[in-house]
Amino acid sequence: MQRRRTTLRALAAAVLLTAARPALAHAEIETVDPPRDALLDVAPLRIRLVFGEPVETRFSLFKVYPLASASLGPADLVDPDFLRLNGLAAALVPGALSARDDADVRVDRGLIDTADRSADVTVALAPDLPVGAYVVMWRVLAIDGHTTQGHAVFVVRAPAQGEAE
Amino acid sequence: MNRTSSIFARLALSLLSSSLLGLALAHELRVVGAEGGTQYEIVVGMLNEPVFTEVRTGLDLTIRSVAEGRPVEGLETSLEVTITAPGGQTRTLQVRPRYGAPGAYTDDYILTEPGTYDIRVRGFIGDLEVDETFPREVADGHDLRFP
């Protein structure tokens with residue numbers, strides 16, 4: 001009887017631990033490539049996002065917008081203050097993730113080489129992105145049923161004076 | 001001192017302790033941004049206040065827009081938060097959003113020295129630059145130890 005109780009307790013603990021694990025993890029972003037706050041000489045053709053657990057890609061949202069702001073000047077694209085760019089991005093993201101019919105703004109071109117459930121997501125970009133700051137944003141549904149969202153900024157920089165041609 | 005005075009003295013002491021405890025428990029709220037423009041509330045404290053040394057605690061930062069009372073999300077990459085110990089050592093926190101609490105951010109730490117810690121929040125909320133320092137008191141956990 002005592003042994004059975006111990007076994008039952010161990011089983012109950014195992015079930016609780018297993019059940020608790022997904023709730024503790026969610027689908028937090030682990031890697032963004034190009035990395036957060038990258039200053040790039042050449043525009044990327046794709047963005048790779050790696051999450052801590054698989055996401056339901058069909059029920060998740062991935063968008064890339066140019067970071068347009070009247071307060072951004074050419075100097076911001078040569079020697080960017082990424083805290084500031086991320087502040088502007090944070091203001092942009094909620095509206096952008098909710099927006100429909102925004103194909104004319106978006107510079108992403110859908111997912112490539114990505115399964116319906118995957119922790120590794122690749123987003124294609126429009127070719128030849130012009131110089132500018134860009135915001136990669138996501139709202140993902142994890143396989144544990146929880147949604148998380150986030151964003152990352154990268155800059156395709158303008159060549160410094162004397163560097164071009 | 002007669003019995004009535006003693007009761008009043010104890011009551012007064014109790015009320016004083018409660019108000020002091022209330023202060024120690026309260027997070028600090030500041031409004032940033034110019035009047036007439038976009039303003040935000042920054043609320044800073046620590047988890048599980050009052051905080052004692054050698055106990056796991058952490059940053060408890062919440063940001064809301066004043067006009068709409070709306071939580072501001074996505075600031076984990078636009079704010080740099082540091083904590084400076086009474087001895088002057090500074091650590092940059094790895095701020096992350098608190099799941100299920102929009103506009104709330106945290107990071108974990110265990111403080112080892114009693115005294116006043118400065119939490120500095122620097123960076124941008126939208127286009128607004130902020131740089132605010134919040135002093136927080138941490139008590140000596142040694143007194144709580146038993147046996």
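The values are calculated or read from the model by the stated rules, or taken from the named source; none is laboratory data. Note that the structure is predicted; figures quoted are calculated from it, not measured. We place every Cβ from the backbone using ideal geometry, glycine too, and count neighbours over all the protein chains shown.
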Single residue of the range A:44-64 satisfying the filter (part of a strand (DSSP E or B) and of a type in the set (A, V, I, L, M, F, W, C)) that is surrounded by the most Cβ atoms within 10 Å (Cβ to Cβ): A:Val55
Condition check for B:Arg30: surrounded by 16 or more Cβ atoms within 10 Å (Cβ to Cβ), in contact (Cβ under 8 Å) with a residue 12 or more places away in the chain and part of a strand (DSSP E or B): no
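Looking at this structure, is A:Val153 closer than 23 Å to B:Gly103 by Cβ, outside any helix (DSSP H, G or I) and of a type outside the set (D, E, K, R)?
When the stated conditions are applied, A:Val153 passes them.
Taking into account only those residues within the range B:52-70 that are among the charged types (D, E, K, R) and not in a strand (DSSP E or B), which is farthest from B:Pro102 (Cα to Cα)?
B:Glu54
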Count of residues meeting criterion [at the interface with chain B (Cβ under 9 Å from one of its Cβ atoms) and not hydroxyl-bearing (Ser, Thr, Tyr)] in the range A:69-91: 11
Flag if A:Ala25 is within 12 Å of another protein chain (Cβ to nearest Cβ) and at pLDDT below 95: yes
Residues that are in contact (Cβ under 8 Å) with a residue 24 or more places away in the chain and in a loop (DSSP other than H, G, I, E, B), drawn from the range A:101-136: A:Asp102, A:Val105, A:Arg106, A:Val107, A:Thr114, A:Ala115, A:Asp116, A:Pro127, A:Asp128, A:Leu129, A:Pro130, A:Val131
Among the candidates A:Asp33, A:Asp41, A:Asp37, residue that is buried (at least 16 other Cβ atoms within 10 Å of the Cβ) and of a type in the set (D, E, K, R): A:Asp37
Positions within the range A:65-100 being surrounded by fewer than 17 Cβ atoms within 10 Å (Cβ to Cβ) and in a loop (DSSP other than H, G, I, E, B), in sequence order: A:Ala68, A:Ala70, A:Ser71, A:Gly73, A:Val78, A:Asp79, A:Asp81, A:Ala99, A:Arg100
Yes/no for A:Val50 being touching an Asp or Glu at 6+ places or on another chain (Cβ under 6 Å) and at pLDDT 95 or above: yes
The lone exception for A:Gly150 - which of (1) under 17 Å from B:Phe124 (Cα atoms); (2) more than 14 Å from chain B (Cβ to nearest Cβ) it fails: (2)
Tally, over the range B:32-64, of residues that are in contact with a strand residue (DSSP E or B) (Cβ under 6 Å, 6 or more places away or on another chain) and either of a type in the set (Gly, Ala, Ser) or more than 22 Å from B:Asp107 (Cα to Cα) (or both): 5
